[in-house]
Each structure stands twice: as C-alpha cells, then as structure tokens.
1. How do the pairs read when you match residues in region 272-298 that are farther than 18 Å from Asp238 by Cβ with residues anywhere that are among the hydroxyl-bearing types (Ser, Thr, Tyr) and assigned to a helix (DSSP H, G or I), using Cβ under 7 Å and keeping only pairs 6 or more apart or on different chains?
2. So which helices (runs of 4 or more DSSP H) are wholly in region 242-316 and hold at least 1 residues that are under 26 Å from Trp367 (Cα atoms), open to solvent by less than 60 Å² (accessible area, probe 1.4 Å) and among the hydroxyl-bearing types (Ser, Thr, Tyr)?
3. Quick check on this structure: which one of Glu361, Glu348 is assigned to a helix (DSSP H, G or I) and under 36 Å from the mean Cα position of the chain (by Cα)?
4. Would you mind finding the one in Asp207, Asp199 that is without any contact (Cβ under 8 Å) to a residue 40 or more places away in the chain and open to solvent by 10 Å² or more (accessible area, probe 1.4 Å)?
5. With the requirement that a residue be surrounded by fewer than 21 Cβ atoms within 10 Å (Cβ to Cβ) and under 32 Å from the mean Cα position of the chain (by Cα), what does region 366-380 give you?
6. For Arg32, are the conditions met, namely being without any contact (Cβ under 8 Å) to a residue 24 or more places away in the chain and within 28 Å of the chain's Cα centre (by Cα)?
Amino acid sequence: MNLRVFGLTVVREMSYAVGRMPGMEWRPWLTRWSDEWVRSADAEPDPELARTRWLGFGPAAEDAVAAAEERIGMRLPPSYREFLLTTDGWRDAGIFVWRMRDTSDIGWLRDIEPYWADSWAELCDDDRQEGTCLSRGLLISRDADAGILFLDPGDAGADGEWAAYSLFSWRAAPPERFPSFFALMEDLYAQFHRMRKPDGEVRDAWDATVEQARLDALAGRIDGVEETLAKAEEFGSDRATALRAQLQLFLDRPAGQSLGRLVSPHFMLDGFVTDPLFTEEFLPLLFAQHAENTSPNTNSVLQSAMIADRPDFHLLVGEYQARLRRGEPHMTYGNPEFDALVRAAVDEHGDDPDALWQDVEAAFAHWRPRSADHIAPVALLADPAVAAALTPERRRALISRPRGDHQ
C-alpha cells in the first residue's frame, strides 16, 4: 500500500494509514500500535496485556453503540463509531492518556467534568454557534495526566466527522484541534513514537523517508521536503530535526524551534555534538544569533541551551568562547575549496551585498557537505555580511541547486 506523506510516497505494506482510504479497518493499525507498546514498555506490562498484546478491549455491539447514541441524542461521527465497533475503549492513547471511555460512559463534558467546560472556556476561540467547543464537547477520555480528549458536534465536516480536541492543563495553551477522531488518534500514535521510539516497520519506514528527503534536498528537489521532515519529527526522528533546521534557514521559515531542539538534552542523534555539521556550522550560527539578540527579555537559543544540564555542549561553547577571546579563527565557511573562495569574496566585496552574492553564487559549485547529514551551507549565515547578501530569494536559489555529489 502507498503511504502518502506530504508529497513523498513511501511504498510499504503498512496499516498506519488506516482510515485514509475507503474500506480500511481500525484493527490492523491498532494491533500494530499495541504490539509496539508492549515491546517498548519501560516496565513489565500487565500480564493480560503481555499475553494478548492488545491495548483495546472487545468490540462494542451495535446495540451498545446505538444505546450510547440514544443517550447523548446524536449519531456518533464515522471514525469514532467504527473505532468503538472495533474496541469498546482503549488504554494508553499516546503517553498522557491512560484510559479512554467506552459506550457505557461517554457523555457530555459539561455534565461529567464541568470544571473543564467552565474554567477553561476562555481558551476556546470559537464563533461557529452558541457555546464553545468545551461546552458542546463529548468527553471520550476517562483517565489522563491533568487533561481530556473530547469531540465537538458543533464543528462537523461534510464527511460527518466532528472536530476532536486534546487539552492538558500543564500545556498552558488552547485546546489542540484535529479535524476528526481519527486525526486525533494519529497524533497520539505519533506522540507515542516520539516518546518511546519503538523499533519496527513504522520506524524503519520513517528512517527510509528521512534518507530519501536528504537525497532529494541535496539534489535540489526541495518541494515538500521540509514538510515531510516535520512529519518525521512528529514520529521522533532526531535526524529529521537536523536536516529540517538547515532547510528552514534557507527557505525563510522560522527555525528557532528546530535550533532549540538541536541543543536540547532530549536530542539524541548519536555523535551530533562532535559532528562538523554542529561544531563548524550550527555552533557559529548560534553565536552569531546570540550576538544579534538585542531583546533583554528574550533569551537566544544559545542562552537557553546553556541553562540545561548538558556538559558536552557547555564544553564546546567554552572552547569556542576561548577562541574568540584569543582572536583565533573561529569558523570556516565550508570545505577548504569553498571556504577559500568565499573568504576572497568577503575580503573584496564585504560592503557590496550584490557583488558578494555574485561571488558566493559562483563559489557554490565547489561546496561539499562536511558530513553525512550536511545539506546546506549554514555557516554562511554566521557571517553578518554574507547573511545580509543572502536575501530570502537568494537563499532559496542556493538550496534549489543540485550540490555535492548530486551536481
């Protein structure tokens, strides 16, 4: 089966895409999810779970679903209805929802948990009809970490699906909206993968997708690549983060969040802190951005990273600062041939952005990646003169060219 991911096609026999096509069933995907959950559990799972390898329960009878619909006075949306007919309830949806409701106890949020409907109403920016998504919400979660999952019949699509929401008090943000219950479950599944990183076909498929995205980027085929990498990030691919941050810097997209992830203690890409991609490309850029940060109330990415307990990163920063204090060369623009050409261009045209751009553009044919995941000349942006010459249009022009071995 073909899995469509933002324009890239991963040809795999995966049941992940349940619900995307007519006739697809919930059971194969939920079975895979359950098996991955059991295999990746931190502690020995409940004996029944270990035996059945099933996070769900028995399917709801049609009569039970009909009774629930009669109780709430509405027919349930298609994806949620089919879910209940597959499993009447669910355990461990994502990481923070431990038990979902079943046909016996789904009900209106305002009746079951009026605290959420009343105390959090101001977070709902909703003018579709009377009330808010919270006051209209159908509560579908039972036990969670200071949060709820709910559906909104007042926000229904042409396909009959109701908008679905997750809301957690510790997130300090409005309820997160999804176009359907199925889309909500997709997000919870991705969250599970992001946090647990289970081995298996799904992770292998995303690894293959990320590798193809890297090759496409180097070949200049950038349309859709950044979006694909963003989806891979949702599934916990740290490699996708390293690649996506480079593209964002050259596609005029906000890159602060991706750069922050690169220096987070939770970023686990093996060897990244000592990779030239980080030490020779990203680190000089972080220092340059820090020097440009004039807001006294906002930390730079570098400042925020220094707060975290990450000795390896602190050591690199200290060594870089020492080179700056000693007046030693602290960065190169890239591989030696490219570096020499750019240095000559900066020396000659440092105060003429258009002439500098012409020389950098000509030199780019000699650019080569420093390491396997290096796909863009990030170090250019660490020099204020070169960065000023690289307008958004010029940055895109560079990144759209075949480069390295793909020329």
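The values are calculated or read from the model by the stated rules, or taken from the named source; none is laboratory data. All of these numbers come straight from a predicted model, not from anything done at the bench. Note that we place each Cβ from the backbone using ideal geometry, even for glycine, and neighbour counts take in every protein chain shown. Ligands, DNA and RNA are excluded from the accessible area calculation, which covers all protein heavy atoms including side chains. Shrake-Rupley method; radii C 1.70, N 1.55, O 1.52, S 1.80 Å.
1. Phe287/Tyr320
2. Filter on region 242-316 gives 256-262.
3. Only one candidate qualifies: Glu361.
4. Sole residue among the options that is without any contact (Cβ under 8 Å) to a residue 40 or more places away in the chain and open to solvent by 10 Å² or more (accessible area, probe 1.4 Å): Asp207.
5. Those that are surrounded by fewer than 21 Cβ atoms within 10 Å (Cβ to Cβ) and under 32 Å from the mean Cα position of the chain (by Cα): Arg368, Pro369, Arg370, Ser371, Ala372, Asp373.
6. No: the conditions fail for Arg32.
Residues are listed down the side, and each one gets a yes or a no for (1) in contact with a Pro (Cβ under 9 Å, 6 or more places away or on another chain); (2) closer than 13 Å to Pro175 by Cβ; (3) open to solvent by less than 10 Å² (accessible area, probe 1.4 Å); (4) at pLDDT 95 or above:
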| site | (1), (2), (3), (4) |
| --- | --- |
| Val97 | no, no, yes, yes |
| Asp102 | no, no, no, yes |
| Arg110 | no, no, no, no |
| Glu130 | no, no, no, no |
| Leu138 | yes, no, yes, yes |
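Residue-by-condition table, conditions (1) touching a Pro at 6+ places or on another chain (Cβ under 7 Å); (2) farther than 14 Å from Leu269 by Cβ; (3) not in a loop (DSSP other than H, G, I, E, B); (4) not polar (S, T, N, Q):
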| site | (1), (2), (3), (4) |
| --- | --- |
| Val202 | no, yes, yes, yes |
| Asp207 | no, no, yes, yes |
| Val210 | no, no, yes, yes |
| Arg214 | no, no, yes, yes |
| Ala217 | no, yes, yes, yes |
| Gly220 | yes, yes, no, yes |
| Glu227 | no, yes, yes, yes |
| Glu233 | no, no, yes, yes |
| Gly236 | no, no, no, yes |
